[in-house]
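The values are calculated or read from the model by the stated rules, or taken from the named source; none is laboratory data. Not measured: the values here are computed from a predicted model. Note that we place each Cβ from the backbone using ideal geometry, even for glycine, and neighbour counts take in every protein chain shown. Surface areas here come from the heavy atoms of the whole protein model, side chains and all, with no ligands, DNA or RNA. Shrake-Rupley method; radii C 1.70, N 1.55, O 1.52, S 1.80 Å.
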Amino acid sequence: MNSLEQTTQLAIDLIKKNKVTDFEFSVGKSSGISTAVRLSNVETLQYSLDTSFDVSVYIGKNKGQAASVDLSKESLKKAIDSACLIAKYTQEDPFNGLAPKDRMAWDAPDLDLYHPWTLDAKESIEIAKECEQIALEQTEIDNSDGAELSSFEGESYYANSNGLITKSKNSKHSLYCSLIAKRDSEMQTGYEYAIALDSRDLTSPSIIGLEAAKMAQQKLGSRNLESQKCPIIFTARQSSGLFSQLLGALSGSRQYKKTSFLLDSLGKKVLPGSINIYEDPLQLKTLGSRAFDLDGVLKSKQFFVEDGRVTTYLMGQYSANQLGLKSTANAGGVSNCRVSSNYDGGIEELTKNMDKGLIVTDLMGQGINATTGDYSRGASGFWVEKGEIQYPVSGITIAGNLKDMLKNVISIGNDFDNRSNLKVGSTLVSEMTIAGEG
């Protein structure tokens, strides 16, 4: 047995010395390196080595939770004893309990998510510097917010009183660059990034740097807009935020707490009939894939919205118990979720189809009311007329209600942003309000 497997067995033995009805816990360790440079100077070079132990015990329907970042026997025992003490004094909750035994991930598949990178400090600095340097060589690029390279890997075990012991290993590598472009007295910022499970799949540093520079350059000459109502295209990068609001509204916790703008929406239409939202969690070597949720329940492909209608809420076991439904294995959120495309083309084709309106490339602020669906955020992007970009815009606010925005989705492009757990293309909404000048 490796050290983490031994720790898992030790924790089980320690818990069994207590009079508990059920238990579940996770134990993990992770390591990584993060290097940030700015103007060719190393600003940070950080190594990390973290361990964690999170335990829940049940005494009848009473639950106690505790955690530790130390995996020594003494620390494990303290955490377990604390959880047991809390369970004795906490209020009984009839919805507490483990997921059914037959739902557990007894045969969790290996999803090929573990691709460690033997990256030393010197190499990480060179890669980050290369990314930033090529960007600084571009015209009108005046300054840099820096480039950062990160590489992390981790391993964890989940175990519970049903006898389940299952493990997962994963890695994630990323490269980020942010630049400042200047023309006369105007300055604009642009950024680009890459994320991959395998370092060999990362976009090259030179391409990241060039794209970041291009993003900043394109914003120069920015103007304001008159207040008006018009169509809006959210780029693929920004579209995931729109649909994450929809998924959040369908979460079991928001449903039973009655804090969702899509309350009691099972079977109801929330999107055009040509659009589906589903998760495909068992895809190999894919960002966001996961074999089981935080309750140890085996995951599988499933639809949340089919033909525009809500087919299920997103539930872990506790939320499912509250709602009198079955868990959808979504304790901890969605895994490799995708919003289907209903349009044969990406943002260029959507722009031509829109004819006149706004492309939103950046959003600022958190003006979203999750209960009512009211939406108001600062934005910048590009103004479009006759299907062509005319000039960049900034200093505006876009507003609407999420219910209406989602129903007013006309087209979703096939230019999926695969760097996110929620994968979606550029999204054209038929009408929103722009607050600008006058």
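The radius of gyration of the Cα set in the stretch 34-132, together with its Dmax, comes out at 21.8, 59 angstrom. Projecting the Cα atoms of Tyr191, Ala236, Gly248 onto the dipole axis of the stretch 164-263, where Lys and Arg carry +1 and Asp and Glu carry -1 at the beta carbon, places Gly248 farthest toward the positive end. Histogrammed with a bin width of 10 Å, the alpha carbon distances of the stretch 86-167 distribute as 12, 23, 19, 16, 16, 12, 2 percent, first bin at zero. When the charge dipole of the stretch 165-287 is built from unit charges on Cβ atoms (+1 for Lys and Arg, -1 for Asp and Glu) and taken about the Cα centre, the candidate among Ile207, Tyr176, Leu220 whose Cα reaches farthest toward its positive end is Tyr176.
Accessible surface of the chain, 1.4 Å probe: 47 percent of it comes from carbon and sulfur atoms. The alpha carbons of the stretch 17-89 occupy a box of 59, 23, 16 Å along the principal axes, longest dimension given first.
Overall, the stretch 205-271 carries a charge dipole of about 180 debye about its Cα centre when +1 sits on the Cβ of Lys and Arg and -1 on the Cβ of Asp and Glu, all other atoms neutral. Note on the stretch 148-191 and the stretch 1-76: Cα centroid distance 20 Å, given to the nearest whole angstrom. Each Lys and Arg adds +1 at its Cβ and each Asp and Glu adds -1 at its Cβ; summed about the Cα centre, the stretch 49-194 shows a dipole of about 1220 debye. Give the aspartates and glutamates reachable from Lys16 as a straight Cα distance under 19 Å; neighbours fewer than 8 places away on the same chain don't count. Lys16 reaches Glu5, Glu24, Asp54, Glu74, Asp81.
With only Lys, Arg, Asp and Glu charged, each at its Cβ (+1 for the first two, -1 for the last two), find how big the charge dipole of the stretch 3-86 is about the Cα centre; round to the nearest 20 debye. Roughly 260 debye, rounded to the nearest 20.
Taking a straight line from the alpha carbon of Lys301, these lysines sit under 18 Å away, with near neighbours fewer than eight places off in the same chain left out: Lys285, Lys326, Lys423.
Within the chain, the longest run free of trypsin sites (Lys or Arg not before Pro) that sit in a DSSP loop with at most 13 other Cβ atoms within 10 Å is 20-256.
Membrane-span-like helices in the chain, defined here as complete DSSP H runs extending at least 15 Å along the helix axis by their C-alpha atoms with mean Kyte-Doolittle hydropathy no lower than 0.0, are 3-15, 236-249; this is a sequence and geometry rule, not a statement about a membrane.
For a modelled paramagnetic label at Ser75, 7 Å from Cα along Cα-to-Cβ, the residues of the stretch 35-67 in reach, with backbone nitrogen under 13 Å, are 49-54, 67. Among the chymotrypsin sites (Phe, Trp or Tyr not before Pro) in the stretch 1-103, those placed in a DSSP loop whose Cβ has at most 15 other Cβ atoms within 10 Å are Phe95. Within straight-line reach of Lys17, meaning a Cα separation under 26 Å, sit the following lysines at least 8 residues removed in sequence or on another chain: Lys29, Lys61, Lys63, Lys73, Lys77, Lys78, Lys88, Lys101, Lys167. With contacts taken as Cα pairs under 8 Å at a separation of at least 6 residues, the chain carries a relative contact order of 14 percent. Net charge in the neighbourhood of Glu349 (other residues with Cβ under 13 Å of its Cβ; Lys, Arg +1, Asp, Glu -1) is -4.
Okay, helix-only estimate at 222 nm for the chain: each DSSP H run of n ≥ 4 adds -39500 (n - 2.57), divide by all residues, round to 500 deg cm²/dmol; what do you get? Taken over the chain, the calculation gives -7000 deg cm²/dmol.
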